[in-house]
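The values are calculated or read from the model by the stated rules, or taken from the named source; none is laboratory data. Bear in mind that the values here come from a model prediction, so they are computed numbers and not experimental data. No Cβ is skipped: glycine too gets one built from the backbone with ideal geometry, and neighbour counts run over all protein chains shown.
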């Protein structure tokens with residue numbers, strides 16, 4: 001759809017945009033210009049004159065458009081782990097009489113780790129209750145303070161029904177947090193319509209904002225003036241440059257800011273969001289489903305050794321397809337050496353992300369041909385492919 | 001000392017490196033190469049092949065050299081506010097029987113705001129006790145759990161005696177946290193020698209790593225294997241890519257990592273630290289004292305309307321000089337228009353940072369000439385200079 005707006009190295013078929021999106025063609029220039037013309041020429045004046053201070057809100061609004069959130073309900077900053085902590089701390093404070101954080105075994109570990117740390121600090125008897133993804137709905141009861149889920153499972157691509165689960169949890173009196181790490185930029189999300197209280201996400205996967213790009217947080221509009229931020233940094237203060245005591249939370253979503261935003265990373269994010277300006281999330285989703293369906297049918301026809309780990313029905317699947325293969329790790333390394341980049345998740349999952357902005361049917365067919373070739377020739381079974389890297 | 005290694009616009013005398021350092025000449029190229037050759041060419045493989053994953057520790061070690069901390073005791077990441085929170089949470093957990101966080105009225109507000117948020121979450125009866133900077137030593141008693149100070153006062157440049165206060169606090173059984181925001185890269189710091197348990201700092205002031213550059217945290221080596229991180233993110237886990245439960249803190253300083261590091265910002269930090277490679281902090285300090293002394297004597301001679309707000313003795317002053325002037329705000333705006341960039345802090349302080357890497361005696365003399373001219377001509381008293389910007 002926008003292949004000419006991304007840099008993908010010659011000969012590479014990049015199916016790992018669910019982990020780190022490729023470089024948008026305009027990003028390098030935008031970053032250079034931020035560095036040389038803004039930092040280099042304006043120095044400290046950049047905070048006002050180049051608008052750095054307001055960018056987290058402006059970029060938040062642009063992300064809001066892609067995830068169904070109205071203006072003024074999303075702000076960017078920090079990392080996803082930190083944003084999870086902020087959302088969960090605020091959510092628990094809304095249900096002081098309840099002690100259960102309900103999540104599932106498909107949630108990304110850092111979300112659960114941050115919950116562990118928060119409840120340890122609070123030392124108020126909270127616990128994280130984990131159930132299998134398919135049992136979440138049944139596990140919701142009136143003891144649940146917060147339902148915290150990642151919409152799309154990072155291993156299998158299984159997609160939760162955001163509307164139904166939010167409604168069920170809220171009927172039971174729970175507060176709901178959605179992690180959109182694998183949703184934002186991948187398909188349509190209707191945050192406001194879902195009624196959920198909080199959402200968080202990252203911008204370096206399907207939004208292509210680069211390694212270490214800032215995260216984002218959404219707070220339902222009626223709550224943003226009442227929640228008390230746990231990570232109460234000066235840029236979330238009502239008047240950061242008054243340098244006053246005590247902390248007084250800023251207006252609305254501003255209070256979810258913490259410290260100085262990463263201005264160079266914001267330049268990359270800005271260029272990355274430009275790509276979405278004249279394309280609809282509905283069209284992206286349609287194309288993504290077509291690519292995933294094609295990939296599944298090609299793999300199942302040509303590589304029957306692999307077992308589908310993702311849901312077969314497109315409506316309960318994100319924009320990635322995973323297969324199981326006992327020797328998935330070396331197989332994936334061999335694939336990467338041949339230019340087909342996906343990734344591996346322990347113990348036996350190989351994952352492939354399909355981002356129609358820069359992937360087309362031809363890429364999918366060629367990737368499966370290479371996969372078939374590697375499996376048939378056994379070329380994956382070489383010692384160098386078995387050696388584990390630190391980051392897998 | 002290294003003027004040719006920085007970009008400072010023609011006609012600008014930049015005395016605001018205590019707020020945001022200027023662009024190192026090599027940074028733009030290093031950032032471009034990270035963006036185009038690493039993100040653009042390696043994509044997800046950059047985490048291993050370009051060493052992104054290890055960079056927070058490697059850059060931490062390089063900062064450690066500048067602040068007297070041994071290898072393996074410093075890691076970079078997040079913002080200073082977040083690092084304060086981590087240090088304070090770990091420090092309070094070390095003294096469960098004590099409830100007082102002692103700090104001073106000269107501490108930067110975000111450090112205190114983060115403390116407010118943390119103790120609210122903990123809800124265990126902690127309180128922040130603030131005293132005047134000169135009364136800190138006397139306020140230390142056996143109720144103090146944590147002494148948390150910024151070494152150099154952001155308004156006045158007054159510098160605490162790190163050795164003496166650390167010793168006194170530890171003798172009283174308190175844990176000590178130093179904020180080195182205005183120390184790192186400005187003068188010699190002897191973290192290890194001081195014996196303090198924790199330190200935090202930012203890299204965008206005297207270290208010149210750019211707007212939104214990552215912060216750093218130091219943990220005394222004997223503690224780093226025992227403290228329990230409150231912000232327990234996946235990159236602080238012992239095996240982040242094992243995706244396992246429950247959270248198990250990583251080895252040593254690694255556990256103070258939280259989420260994905262801002263890789264583009266790290267490229268800027270890397271180039272910024274290169275500038276320090278062949279210059280000693282002792283030489284920087286000697287030159288900084290000379291510049292500050294010259295500035296004070298020139299201002300007091302030529303602009304007697306201004307009252308020195310910084311300590312007169314160099315040994316209790318950081319690398320900045322502040323003066324009081326009732327109309328400091330418009331005066332500073334007029335100065336900026338004439339190319340002399342300092343900044344203003346409410347209600348009447350004008351501050352000037354002296355970074356000898358790119359500032360010399362000639363700059364100091366010219367800056368004071370312009371200041372004198374603006375004061376004598378009254379040109380500062382124009383409506384446009386009175387108009388307050390959002391970021392001051």
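For this structure, a couple of remarks:
- Meets criteria (without any contact (Cβ under 8 Å) to a residue 40 or more places away in the chain, farther than 30 Å from residue B:24 by Cβ and either within 14 Å of chain A (Cβ to nearest Cβ) or buried (at least 24 other Cβ atoms within 10 Å of the Cβ) (or both)) for residue B:246: yes
- Residues located in the range B:213-230, provided they are under 14 Å from the mean Cα position of the chain (by Cα) and in contact (Cβ under 8 Å) with a residue 60 or more places away in the chain: B:214, B:215, B:216, B:217, B:218
- Qualifying residue in the range B:31-47 (condition: surrounded by fewer than 21 Cβ atoms within 10 Å (Cβ to Cβ) and either under 17 Å from the mean Cα position of the chain (by Cα) or more than 9 Å from chain A (Cβ to nearest Cβ) (or both)): yes
- Of all residues in the range A:234-243, those that are within 8 Å of chain B (Cβ to nearest Cβ) and part of a loop (DSSP other than H, G, I, E, B) total 1.
- Being more than 11 Å from chain A (Cβ to nearest Cβ) and within 30 Å of residue B:119 (Cα to Cα) is a property that residue B:93 lacks.
- Number of positions in the range A:316-351 that are farther than 30 Å from residue A:283 by Cα, within 11 Å of another protein chain (Cβ to nearest Cβ) and surrounded by 24 or more Cβ atoms within 10 Å (Cβ to Cβ): 0
- Across the range B:107-122, the qualifying residues are those that are surrounded by fewer than 23 Cβ atoms within 10 Å (Cβ to Cβ) and touching a helix residue (DSSP H, G or I) at 6+ places or on another chain (Cβ under 7 Å), and the one among them that is nearest to residue B:196 (Cα to Cα) is B:109.
- Number of residues in the range A:192-221 that are out of contact with any helix residue (DSSP H, G or I) (no Cβ under 8 Å at 6 or more places or on another chain), within 19 Å of residue A:282 (Cβ to Cβ) and crowded, with 24+ Cβ neighbours inside 10 Å: the value is 1.
- Selection from the range B:89-106 of residues that are surrounded by 23 or more Cβ atoms within 10 Å (Cβ to Cβ) and within 20 Å of residue A:248 (Cβ to Cβ): B:101, B:103
- Test: residue in the range B:364-377 that is over 21 Å from residue B:24 (Cβ atoms) and outside any helix (DSSP H, G or I): no
- The single condition among (1) outside any strand (DSSP E or B); (2) not assigned by TED's automatic domain parsing to the domain that holds residue B:208 that residue B:322 does not satisfy is (1).
- Odd one out for residue B:52 among (1) within 12 Å of another protein chain (Cβ to nearest Cβ); (2) in contact with a strand residue (DSSP E or B) (Cβ under 7 Å, 6 or more places away or on another chain): (2)
- Selected residue [at pLDDT 95 or above, outside any helix (DSSP H, G or I), more than 7 Å from chain A (Cβ to nearest Cβ) and crowded, with 20+ Cβ neighbours inside 10 Å] from B:75, B:84: B:75
- Yes/no for residue B:261 being farther than 24 Å from residue B:16 by Cβ, modelled with pLDDT of 95 or more and within 14 Å of chain A (Cβ to nearest Cβ): yes
Rundown of residues vs (1) closer than 17 Å to residue B:322 by Cβ; (2) within 18 Å of the chain's Cα centre (by Cα), yes/no style:
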| site | (1), (2) |
| --- | --- |
| B:152 | yes, yes |
| B:157 | yes, yes |
| B:160 | yes, yes |
| B:163 | no, no |
| B:168 | no, no |
| B:172 | no, no |
| B:185 | no, yes |
| B:188 | no, yes |
| B:195 | no, no |
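- Of all residues in the range B:11-30, those satisfying the criterion of being at the interface with another protein chain (Cβ under 7 Å from one of its Cβ atoms) and in contact with a strand residue (DSSP E or B) (Cβ under 7 Å, 6 or more places away or on another chain) are B:14, B:16, B:19, B:22, B:23.
- Taken together, A:27, A:50, A:69 contain a single residue that is in contact with a helix residue (DSSP H, G or I) (Cβ under 7 Å, 6 or more places away or on another chain) and surrounded by fewer than 24 Cβ atoms within 10 Å (Cβ to Cβ), which is A:50.
- Out of A:237, A:182, sole residue that is buried (at least 24 other Cβ atoms within 10 Å of the Cβ) and free of Cβ contacts under 8 Å to residues at least 60 places away in the same chain: A:237
- Qualifying residue in the range A:205-214 (condition: within 29 Å of residue A:174 (Cβ to Cβ) and more than 13 Å from chain B (Cβ to nearest Cβ)): yes
- Pairs, first free of Cβ contacts under 8 Å to residues at least 24 places away in the same chain and facing chain B (nearest Cβ under 7 Å) in the range A:105-134, second crowded, with 20+ Cβ neighbours inside 10 Å and in a loop (DSSP other than H, G, I, E, B), C-beta under 7 Å, six or more apart: A:116/B:232; A:116/B:247; A:121/B:230
- Criterion applied to B:64, B:11, B:51 was being in contact (Cβ under 8 Å) with a residue 24 or more places away in the chain and on the phi > 0 side of the Ramachandran plot, and the one residue passing it is B:11.
- Which numbered condition residue A:312 fails, given (1) buried (at least 23 other Cβ atoms within 10 Å of the Cβ); (2) out of contact with any strand residue (DSSP E or B) (no Cβ under 9 Å at 6 or more places or on another chain): (1)
- Checklist (1) surrounded by 22 or more Cβ atoms within 10 Å (Cβ to Cβ); (2) within 17 Å of the chain's Cα centre (by Cα) applied to residue A:61, failing item: (1)
- All positions within the range B:166-192 that are in contact with a strand residue (DSSP E or B) (Cβ under 7 Å, 6 or more places away or on another chain) and outside any loop (DSSP other than H, G, I, E, B): B:166, B:169, B:170, B:175, B:176, B:177, B:178, B:179, B:191
- Candidates B:280, B:251, filtered to the one that is more than 8 Å from chain A (Cβ to nearest Cβ) and more than 21 Å from the chain's Cα centre (by Cα): B:251
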